[in-house]
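Asks: Dumping the structure here so I can ask a few things about it.
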Amino acid sequence: MGESSNTHVEHPDVRHEPSDVNVRAIILTGIGIVILAAILYILLWLLFEALSDRQVGLHLPPPPLADRPSGPLPPEPRLQSSPSTDLREMRAEEDAILHSYGWVDEQAGVVRIPIERAMKLLAERGLPVRPAPEGQGGGAGAQGGKQEVPQGPALGRSPGKEGR
């Protein structure tokens, strides 16, 4: 028990920093940044005041395009002056077409019917079918000469888009 536990072993390659952080330098840098920001704020405020006083003193006329043109309107297409009104009118026209009878092609005898009537007819009669080719399925056998037409994603198109 004669040895003390206060033995200090020094190694020549192992060292530590005498001070971790220079607090004084960090505080002075922060104070410098705040002072610089305050000086810039004051300088910019003075610049804007000088420029706004100069602008008021000039009494410039408004730009030429600020007034409405008194001459003829520019050629089509022009910008919409009231898009919501234009949309409402367009939808009213489309609804009138969807809910009325009329000619699509009078020479060919193609007419349009109201959409409600078309849906009722489609529900009563079903989708149209076409006859099967003569060489397939035994002709007019058990199916009565008709074969269902595949619709939808199987052909890569949606039903009802063929006539457009």
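The values are calculated or read from the model by the stated rules, or taken from the named source; none is laboratory data. What you see is a predicted model; the values in this text were computed from it and never measured. Neighbour counts run over all protein chains shown; Cβ positions are idealised from the backbone, glycine included.
Asks: Residue under question is residue 59, and the condition is that it be at pLDDT below 85, at positive phi and not hydroxyl-bearing (Ser, Thr, Tyr); does it hold?
Replies: Considered against the rule, which asks whether it is at pLDDT below 85, at positive phi and not hydroxyl-bearing (Ser, Thr, Tyr), residue 59 comes out as yes.
Asks: Please go through segment 65-119 and pick out each residue that is exposed (fewer than 10 other Cβ atoms within 10 Å of the Cβ) and among the aromatic types (Phe, Trp, Tyr).
Replies: 101
Asks: Name the one entry in 30, 57 that is surrounded by 10 or more Cβ atoms within 10 Å (Cβ to Cβ) and of a type outside the set (A, V, I, L, M).
Replies: 30
Results for (1) modelled with pLDDT of 90 or more; (2) part of a helix (DSSP H, G or I); (3) in contact with a Pro (Cβ under 6 Å, 6 or more places away or on another chain), shown as yes or no for each residue.
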{"position": "48", "(1), (2), (3)": "yes, yes, no"}
{"position": "53", "(1), (2), (3)": "no, yes, no"}
{"position": "73", "(1), (2), (3)": "no, no, no"}
{"position": "119", "(1), (2), (3)": "yes, yes, no"}
{"position": "135", "(1), (2), (3)": "no, no, no"}
